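Below: one structure, written as structure tokens.
The values are calculated or read from the model by the stated rules, or taken from the named source; none is laboratory data. Keep in mind it's a predicted model, so treat the numbers as computed, not measured. Ideal geometry is used to build each Cβ from the backbone, glycine not excepted, and the neighbour counts take in all protein chains shown.
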Amino acid sequence: MTKKLILVTSPPACGKTYISKELAKRLNPIVYLDKDTLITLSKQIFVVAGEPYNRSSDFFEEHIRDYEYDCVVDLALEALEYSDKVLINAPFTREIRDLEYMDKLKKDLAQKGATLVIIWVSTDPEIVHQRMISRASDRDTWKLENWDEYISRCNFEIPKNLEDPDSKDGLLIFNNNNNEEFEESMKRIIETLEETMNN
């Protein structure tokens, strides 16, 4: 079996968590990692620093954001020592457009005998807005209060820089605007992953 690190990525509120958990159920056994699990620690950093809790702030960008990603990727690389499949649920919206970052990650994975799968969740921005309102999470407070500014920073374009004609699962698109799209995408992606993992 080919070892895989699966990154389920997209801007926030596109449906990553639900999709990631459904994928993990179908790919079980698998190590499932959610970057949001680290938010408990990150909140404490805001408290200790005497900063307001705002995950869109300059303070978050400078002192927290990249460390969350470093931590969850390190956990995934460690898990690949003991498991053939690891899935990370996290936006990675900046990283997947950084070719240098992605090349380094692929090299790190190659040392573990693993390859990288990117699953990009494609969802219409207005549906994202409604989902963010519905989930009513404190991590979205600033985003919803400053929606126009926030959404202008988000890149919903498919990261085509990751397309690889020699890889069937280098970049997979999960369309998630309605139930029909969800079911079609889930079936297609599971079939692709089962094929590539067993080659």
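For the reader, a short list of remarks on this structure follows.
- Annotation: of all residues in segment 110-126 being surrounded by 13 or more Cβ atoms within 10 Å (Cβ to Cβ) and of a type in the set (S, T, N, Q), the one that is nearest to the chain's Cα centre (by Cα) is 122.
- Residue tally, condition touching a residue at least 40 places away in the same chain (Cβ under 8 Å) and in a loop (DSSP other than H, G, I, E, B), over segment 148-199: 11
- If you go through segment 80-103 and keep only what is more than 20 Å from residue 168 (Cα to Cα) and either more than 16 Å from the chain's Cα centre (by Cα) or acidic (Asp, Glu) (or both), you end up with 80, 81, 82, 83, 95, 98, 100.
- Output for segment 1-54, where each listed residue is among the hydrophobic types (A, V, I, L, M, F, W, C) and part of a strand (DSSP E or B): 5, 6, 7, 8, 31, 33
- Of all residues in segment 55-76, none satisfies being at pLDDT 95 or above, in contact with a helix residue (DSSP H, G or I) (Cβ under 7 Å, 6 or more places away or on another chain) and in a loop (DSSP other than H, G, I, E, B).
- Residue match in segment 129-138 (condition: touching a Phe, Trp or Tyr at 6+ places or on another chain (Cβ under 8 Å) and over 29 Å from residue 195 (Cβ atoms)): yes
- Total residues in segment 5-36, condition free of Cβ contacts under 8 Å to residues at least 12 places away in the same chain and either crowded, with 22+ Cβ neighbours inside 10 Å or more than 25 Å from residue 192 (Cα to Cα) (or both): 0
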